Amino acid sequence: MKTEKSKITIHMVSSLDGFIAKKDGSVSWMHSKDTYEKGIELTKEYIAKFLKSIDCYIMGSKTYEHAVELGWPYGNVPVFVLTKRNMKSNRKNVQFLSGDLAEIVSNTLKPKYNNIWMVGGSMLTKEFLRLGLADEINISIIPTLLGNGKLFFDFIGREILLHLKDTTSFKDGMVELEYEIKKE
Ligand SMILES: NC(=O)c1ccc[n+]([C@@H]2O[C@H](COP(=O)([O-])OP(=O)(O)OC[C@H]3O[C@@H](n4cnc5c(N)ncnc54)[C@H](OP(=O)(O)O)[C@@H]3O)[C@@H](O)[C@H]2O)c1
């Protein structure tokens, strides 16, 4: 039985001009080749510690399909995939859900998990923000301008105030911005 308060964090990797995917779906742009001497090293230990803190992932079906195609990055951590299609997976930790998103969050995710990561894509980000379901936004900005592609924030349609919680700069030029979403 969990006792801590649940938190939903929207996390994605973005270009500086706000795109999370190129039109052709290629992802090589996500691996920065820049050098920033004052940044910290993104070591395997750093990543492992960070990933260990995540209790479950939730994502849209397009993001799921892309992850399956590129190489599964979520290990055995519970993964909830939103879809209206009849999708199937051999992985025991993957569950497909549909229905009212607010109810899924409050009835299925929050009673069981503390640190919930919503990892895309932009369609699901829009729904989480419009419904006021997210608590934090964590963006890893790659030092590149893609010029075109899929927007992180695709015309959300409402103004949302944020509080900057933390920033981290890495040796490869990536910058992580952590924001808390101010609730009205
Ligand atoms: N840069 C990054 O960090 C990052 C992270 C994640 C994704 N991406 C990229 O973003 C792209 C995918 O983003 P996207 O916006 O196109 O799609 P998406 O948000 O990943 O998935 C959209 C799909 O999710 C399902 N869905 C959404 N809301 C739902 C609801 N309330 N109930 C039931 N199903 C719901 C629908 O699936 P059905 O059509 O199956 O019903 C919908 O078509 C990919 O190219 C991916 O690689 C990048």
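One table, with the values for the structure above:
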| read-out | value |
| --- | --- |
| Single residue of the range 162-175 satisfying the filter (within 18 Å of the chain's Cα centre (by Cα) and buried (at least 17 other Cβ atoms within 10 Å of the Cβ)) that is farthest from residue 144 (Cα to Cα) | 175 |
| Filter result for residue 116 (surrounded by 17 or more Cβ atoms within 10 Å (Cβ to Cβ), in contact with a Cys (Cβ under 8 Å, 6 or more places away or on another chain) and among the β-branched types (Val, Ile, Thr)) | yes |
| Selection count, the range 1-28, where residues are within 11 Å of the ligand (Cβ to nearest atom) and surrounded by fewer than 16 Cβ atoms within 10 Å (Cβ to Cβ) | 5 |
| Elements of type strands (runs of 3 or more DSSP E) in the range 43-149, at least 3 residues being more than 13 Å from the ligand (Cβ to nearest atom) and either over 27 Å from residue 23 (Cβ atoms) or of a type in the set (Ser, Thr, Tyr) (or both) | none |
| Set 51, 82: member being under 20 Å from residue 10 (Cα atoms), of a type outside the set (Ser, Thr, Tyr) and buried (at least 17 other Cβ atoms within 10 Å of the Cβ) | 82 |
| Count of the range 139-161 residues which are within 18 Å of the chain's Cα centre (by Cα) and in contact (Cβ under 8 Å) with a residue 40 or more places away in the chain | 9 |
| Among (1) in contact with a helix residue (DSSP H, G or I) (Cβ under 8 Å, 6 or more places away or on another chain); (2) at pLDDT 95 or above, the one test that residue 176 misses | (1) |
| One residue from 32, 53, 28, 15 being among the polar types (S, T, N, Q) and touching a Leu at 6+ places or on another chain (Cβ under 8 Å) | 15 |
| Residue match in the range 156-170 (condition: part of a loop (DSSP other than H, G, I, E, B), out of contact with any Lys or Arg (no Cβ under 8 Å at 6 or more places or on another chain) and not acidic (Asp, Glu)) | no |
| Residue within the range 37-45 that is among the hydrophobic types (A, V, I, L, M, F, W, C) and modelled with pLDDT under 95 present | yes |
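The values are calculated or read from the model by the stated rules, or taken from the named source; none is laboratory data. None of the values given here were measured: they were computed from a predicted structure. Virtual Cβ from ideal backbone geometry, glycine too; neighbours counted across all protein chains shown.
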